[in-house]
Amino acid sequence: MNYVNQLLSIKYPIIQGGMGNISNAQLTAAVSNAGGLGTIGCGTMTPDQVEAIIKETKEKTALPFAINIPINVSSYTEEIIQLVIKHKIPVVSLSAGNPAPYIPLLHEHNIKVIVIVAAVKHAKKAEEAGADILAAEGFEAAGINSNLELTTFTLIPQICKQVSIPVLAAGGIGDGRGLAAALMLGASGVQLGTRLIATKDAPFHSAYKQRLMDANDHETVILGRTVGQVRRVLKSPYAKQIIDLERSGMSIEQYQEMTSENYHLNGALLGDDQNGFMNSGQVAGLIEDIPTVKELLDGMMNEARTVMEERLHRFI
């Protein structure tokens, strides 16, 4: 069995990325029930909001799931870690900040720690700090992203070469071919975000899912380069408004306000691309259907096995 599967007590080496304030019990439980590791992303939610989702998720699945804490985004990192301990959540993923101060306490309570990284330097520091698994996220990924702009399939082999702990590939992966490619580059599994949006189990607006279905290979844009806080989203009137303001000298305060979670919720939950944005990775161009999460994960595993076997026989 894959070491990641053993470590996380899951069937498939596929985990859900943190989705911030649009995280919900329905999708988290569906991923875990399908054999992956569902994840509740805390975003800027209060401890009470996070705890409500934890309780609901436990009602929907008896299988392991994770909590993602974006350290420098959340105002409640310490409190949420205490929630994790209280509810005996077996896995935590840490992103957007220095994980070192939190790993020892999590390990004291037998909680496995995944650290999201975007560069070899970050990966080595996370390993030194005691991370159990790394999720290496490339610039193809949706939402808040690294200013380093390294792509997943250049990042993965470089990180795998420099660390000894398992690495998950994140960004640009949405099918079995992507899973197979990540494994061939040294990853032990993958993290999915955008692809899980376009599933029957995801309680997001139908307009959001349809946009992903209709997307081509250049349907996403980057916001925030001028203020050093980049985010990948679907093209939309609201995204164009932000881009136009950036060109005229947008302040970082104005940018942060216009990309706050309220506008994220408008896009994802209300389907309103005039007054909100929809996060999306470049993998949107590959999305052609809306399966259940179980169909998606089963299909990815079967396709990955088939692709690797076919390539092996064809070229070797």
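The values are calculated or read from the model by the stated rules, or taken from the named source; none is laboratory data. Predicted model only: the values in this text are computed from it and were never measured. No Cβ is skipped: glycine too gets one built from the backbone with ideal geometry, and neighbour counts run over all protein chains shown.
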Inset, instruction - Evaluate the stretch 263-285: report whether one residue or more is charged (D, E, K, R), more than 19 Å from Ala198 (Cβ to Cβ) and either modelled with pLDDT of 95 or more or loosely packed, with under 14 Cβ neighbours inside 10 Å (or both). - result: no
Inset, instruction - Kindly establish whether Thr61 is β-branched (Val, Ile, Thr), touching a strand residue (DSSP E or B) at 6+ places or on another chain (Cβ under 6 Å) and surrounded by 16 or more Cβ atoms within 10 Å (Cβ to Cβ). - result: no
Legend entry - Evaluation of Arg232 against (1) among the basic types (Lys, Arg); (2) loosely packed, with under 15 Cβ neighbours inside 10 Å; (3) closer than 22 Å to Leu196 by Cβ (one fails), failing number: (2)
Inset, instruction - Write out, first by first residue and then by second, each pair whose Cβ atoms fall under 7 Å of each other, whose residues are 6+ apart or on separate chains, and whose first residue, in the stretch 43-63, is within 24 Å of Asn279 (Cβ to Cβ) while the second is among the acidic types (Asp, Glu). - result: Gly43/Glu261; Thr44/Glu261; Pro47/Glu79
Inset, instruction - Among the helices (runs of 4 or more DSSP H) lying completely within the stretch 245-316, list those that include at least 3 residues that are closer than 30 Å to Ser74 by Cα, of a type outside the set (Val, Ile, Thr) and in contact with a helix residue (DSSP H, G or I) (Cβ under 8 Å, 6 or more places away or on another chain). - result: 252-258, 261-270
Legend entry - Residue among Ile173, Ile197 that alone is of a type in the set (A, V, I, L, M) and within 18 Å of Ile40 (Cα to Cα): Ile197
Legend entry - Selection status of Arg247, assigned by TED's automatic domain parsing to the domain that holds Asn266 and among the charged types (D, E, K, R): yes
Inset, instruction - State the number of residues belonging to the stretch 123-150 that are surrounded by fewer than 21 Cβ atoms within 10 Å (Cβ to Cβ) and at pLDDT 95 or above. - result: 6
Inset, instruction - Check the stretch 185-208 and report whether any residue there is without any contact (Cβ under 8 Å) to a residue 40 or more places away in the chain and of a type in the set (Gly, Ala, Ser). - result: yes
